[in-house]
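Enquirer: This is the structure I want to talk about, given as structure tokens.
The values are calculated or read from the model by the stated rules, or taken from the named source; none is laboratory data. Quick caveat: nothing in here was measured; it's all calculated off a predicted structure. So basically every Cβ, Gly included, is an ideal-geometry build from the backbone, and we count neighbours across all protein chains shown. Note: accessible area is taken over every heavy atom of the protein model, side chains too, but ligands, DNA and RNA are not part of it. Shrake-Rupley method; radii C 1.70, N 1.55, O 1.52, S 1.80 Å.
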Amino acid sequence: MEKIRNILAETFHICESDITLDIKMKDIDSWDSLTHMEMIANLESELNIEFSANDIMQMTDVTNIEKIVEDKLNGN
């Protein structure tokens, strides 16, 4: 989802084209616990959704982030 990748790129100060489904937290130097929470806040604000603590803990790679966001947007 392009909107998610745009938010991730802005949060981590990287090019949107560098964000692929196989990118994990350990692959981005700027992705630490602080920017992780900033990413969560940005996603919630921009997409008008809310994550559970369990969701937040699972959002350590782009594939999971997109799946969790899509589930939330679809009312799951």
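Enquirer: Name, by its number, the condition in (1) touching a residue at least 12 places away in the same chain (Cβ under 8 Å); (2) surrounded by fewer than 17 Cβ atoms within 10 Å (Cβ to Cβ); (3) out of contact with any His (no Cβ under 7 Å at 6 or more places or on another chain); (4) not in a helix (DSSP H, G or I) that does not hold for SER30.
Expert: With (1) touching a residue at least 12 places away in the same chain (Cβ under 8 Å); (2) surrounded by fewer than 17 Cβ atoms within 10 Å (Cβ to Cβ); (3) out of contact with any His (no Cβ under 7 Å at 6 or more places or on another chain); (4) not in a helix (DSSP H, G or I) applied to SER30, the lone miss is (3).
Enquirer: Which residue is nearest to ASN42 (Cα to Cα), if the candidates are limited to segment 9-26 and must be touching a residue at least 12 places away in the same chain (Cβ under 8 Å) and open to solvent by less than 60 Å² (accessible area, probe 1.4 Å)?
Expert: Of everything passing the filter in segment 9-26, THR11 is nearest to ASN42 (Cα to Cα).
Enquirer: Same structure, new question: What do you reckon, is ILE49 touching a Lys or Arg at 6+ places or on another chain (Cβ under 7 Å) and open to solvent by less than 80 Å² (accessible area, probe 1.4 Å)? Explain how you work it out, then say what you get.
Expert: Numbers: touching a Lys or Arg at 6+ places or on another chain (Cβ under 7 Å): yes; open to solvent by less than 80 Å² (accessible area, probe 1.4 Å): yes.
Spelling it out, ILE49 is indeed touching a Lys or Arg at 6+ places or on another chain (Cβ under 7 Å) and open to solvent by less than 80 Å² (accessible area, probe 1.4 Å).
Enquirer: Just to verify a result, which residue in segment 36-51, among those that are in contact with a helix residue (DSSP H, G or I) (Cβ under 6 Å, 6 or more places away or on another chain) and part of a helix (DSSP H, G or I), is farthest from GLY75 (Cα to Cα)?
Expert: Step by step, filter segment 36-51, then rank; the result is GLU38.
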